[in-house]
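Student: Could you have a look at this structure, given as structure tokens, before my questions?
The values are calculated or read from the model by the stated rules, or taken from the named source; none is laboratory data. As the structure is a computational prediction, the values presented were derived from the model and not from experiment. Glycine also receives a Cβ, built like all others from the backbone with ideal geometry; neighbour counts cover every protein chain displayed.
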Amino acid sequence: MGERTVEFEVLRYNPEKDAAPHFQRYSVKCREEWVVLDALNHIKESVDPTLSYRWSCHMAVCGSCGMMVNGEPKLACKSFLRDYPGLIRVEPLRHFPVERDLVTVIDDFVAKLARVKPFLIPQPGAAQAGTGEYAQTPAQLKRYKQFTLCINCMLCYAACPEYGLIPEYIGPAVIALGHRWNEDSRDGGRAQRQEELAATNGVWDCSFVGACSEVCPEHVDPAAAIQQVKIKSTIDWYTEHLMPWLNK
Amino acid sequence: MAEQVGRRPHVRPITSEWIFRHPRYLRYMVREFSCLFIGAWTLMLVCALGRLSEGPEAWGRFLEGLKSPWVVAFHVLALAFAAYHSFTWFQLTPKALPVQVGEKFLPDDVIAGAHFGAWAVLSLAILFFAGAF
């Protein structure tokens with residue numbers, strides 16, 4: 001297994017000393033099979049212990065190590081050095097305030113996620129009599145399964161220009177997760193979620209750039225969820241205003 | 001006890017530079033920009049209806065005006081943008097209208113293909129009724 005010297009430019013920001021972030025260059029000997037996160041760990045352990053960043057699982061499950069790698073939102077644990085022949089520029093996720101170095105402030109996302117109630121709101125009568133179980137066929141599971149794969153890494157927020165320009169926009173992952181529960185046959189909470197999803201700062205801030213789905217490391221398709229919510233919300237509006245007898 | 005660290009989150013400004021950061025953003029902007037040409041063409045159509053209502057002479061002058069190289073160039077551009085917009089739109093239809101059959105979803109190509117097919121059939125029908133054949 002080969003080694004090579006890789007040049008990194010890492011965005012540094014110390015809120016107690018720096019007026020604004022700046023790039024710091026590191027030249028490190030890396031093993032060819034390393035990912036960017038391995039290199040950051042190596043820098044922190046052997047070169048510069050002051051470097052701050054989030055990570056946990058190192059296997060694209062926890063969603064903690066999202067950062068901009070050469071301008072693209074990536075999981076550092078999934079970005080192999082062999083795919084980056086030249087200088088590697090590492091920055092905190094775009095569109096989020098920088099807390100320190102590569103650590104961002106994610107309070108906005110967490111608050112928005114809670115607003116769509118991303119949990120089962122049981123459909124009355126959906127539980128089986130006697131056992132209290134919520135049975136579901138494989139076809140009913142398939143309907144929403146891809147949206148369960150979201151790991152809340154927020155790469156889609158860093159890719160979405162609408163979120164950058166309209167900070168009130170509830171954003172791709174939150175809509176995908178709200179839609180995931182709406183599409184669940186056991187759930188009856190759609191009307192409650194619509195308050196957030198069908199609002200101006202819900203799906204209607206999206207102009208279908210599609211970047212969210214392109215950068216998703218778990219191949220979730222938030223853009224699809226958003227368009228599906230748009231269509232269903234439009235049908236809601238028309239039935240409410242043109243065919244009010246259907247709502248009785 | 002650990003020393004209290006002061007918080008001062010830095011907000012990085014958003015500039016229009018994002019459009020050029022990745023080809024996907026440029027493609028998106030071209031798609032959005034196409035609406036200006038489609039809108040302008042629609043306005044021209046409204047003007048055409050106005051001239052038509054004024055009588056054969058006004059209509060004739062309008063048709064004569066369409067032969068100007070500038071107007072022809074505008075139509076070529078508007079057609080190109082309309083085709084680009086339609087093409088990109090139909091490519092996105094599988095996301096908006098997934099069709100589940102049992103435990104599987106119909107392949108994206110089938111859904112987009114059905115839209116492209118309907119587009120072609122309707123375009124041919126319009127050309128037919130317009131007397132192009």
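Student: Using the structure shown, decide if A:THR234 is surrounded by fewer than 19 Cβ atoms within 10 Å (Cβ to Cβ), assigned to a helix (DSSP H, G or I) and either of a type in the set (A, V, I, L, M) or not assigned by TED's automatic domain parsing to the domain that holds A:PRO73 (or both).
Tutor: yes
Matching residues to (1) among the polar types (S, T, N, Q); (2) on the phi < 0 side of the Ramachandran plot; (3) surrounded by fewer than 14 Cβ atoms within 10 Å (Cβ to Cβ):
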residue	(1), (2), (3)
A:PHE109	no, yes, no
A:LEU113	no, yes, no
A:PRO124	no, yes, yes
A:GLN128	yes, yes, yes
A:THR148	yes, yes, no
A:CYS153	no, yes, no
A:CYS160	no, yes, no
A:GLY178	no, yes, no
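Student: When you check A:ILE175 against the structure, is it under 13 Å from the mean Cα position of the chain (by Cα) and part of a loop (DSSP other than H, G, I, E, B), yes or no?
Tutor: no
Student: Does A:LYS74 qualify as being basic (Lys, Arg), surrounded by 13 or more Cβ atoms within 10 Å (Cβ to Cβ), not in a helix (DSSP H, G or I) and not assigned by TED's automatic domain parsing to the domain that holds A:VAL174?
Tutor: yes
Student: Here's another thing I want to ask about it. Inspect all residues belonging to the stretch A:221-228 and state whether any of them is over 17 Å from the mean Cα position of the chain (by Cα), of a type in the set (A, V, I, L, M, F, W, C) and either closer than 23 Å to A:LYS74 by Cβ or within 14 Å of chain B (Cβ to nearest Cβ) (or both).
Tutor: No.
Student: Another question, then. If you scan the stretch B:74-133, which residues turn out to be of a type in the set (Val, Ile, Thr), within 14 Å of chain A (Cβ to nearest Cβ) and over 20 Å from the mean Cα position of the chain (by Cα)?
Tutor: B:VAL99, B:VAL101
Student: What residue, among those in the stretch A:79-101 that are within 12 Å of another protein chain (Cβ to nearest Cβ), in a loop (DSSP other than H, G, I, E, B) and over 14 Å from the mean Cα position of the chain (by Cα), is surrounded by the fewest Cβ atoms within 10 Å (Cβ to Cβ)?
Tutor: If we take residues in the stretch A:79-101 being within 12 Å of another protein chain (Cβ to nearest Cβ), in a loop (DSSP other than H, G, I, E, B) and over 14 Å from the mean Cα position of the chain (by Cα), then A:PRO97 is surrounded by the fewest Cβ atoms within 10 Å (Cβ to Cβ).
Student: Could you tell me whether any residue of the stretch B:50-65 is touching a Phe, Trp or Tyr at 6+ places or on another chain (Cβ under 8 Å), in a helix (DSSP H, G or I) and not small (Gly, Ala, Ser)?
Tutor: Within the stretch B:50-65, one or more residues are touching a Phe, Trp or Tyr at 6+ places or on another chain (Cβ under 8 Å), in a helix (DSSP H, G or I) and not small (Gly, Ala, Ser).
Student: Going by what's in this entry, would A:ALA139 be described as among the small types (Gly, Ala, Ser), surrounded by fewer than 14 Cβ atoms within 10 Å (Cβ to Cβ) and within 13 Å of chain B (Cβ to nearest Cβ)?
Tutor: yes
Student: Now a separate question. Please list, ordered by first then second residue, the pairs with beta carbon atoms under 7 Å, 6 or more apart or interchain, first in the stretch A:188-205 and within 27 Å of A:PRO124 (Cα to Cα) and touching a residue at least 24 places away in the same chain (Cβ under 8 Å), second assigned to a loop (DSSP other than H, G, I, E, B) and of a type in the set (D, E, K, R).
Tutor: Cβ pairs passing all conditions: A:GLY189/A:LYS117; A:GLN192/A:LYS117; A:ARG193/A:LYS117.
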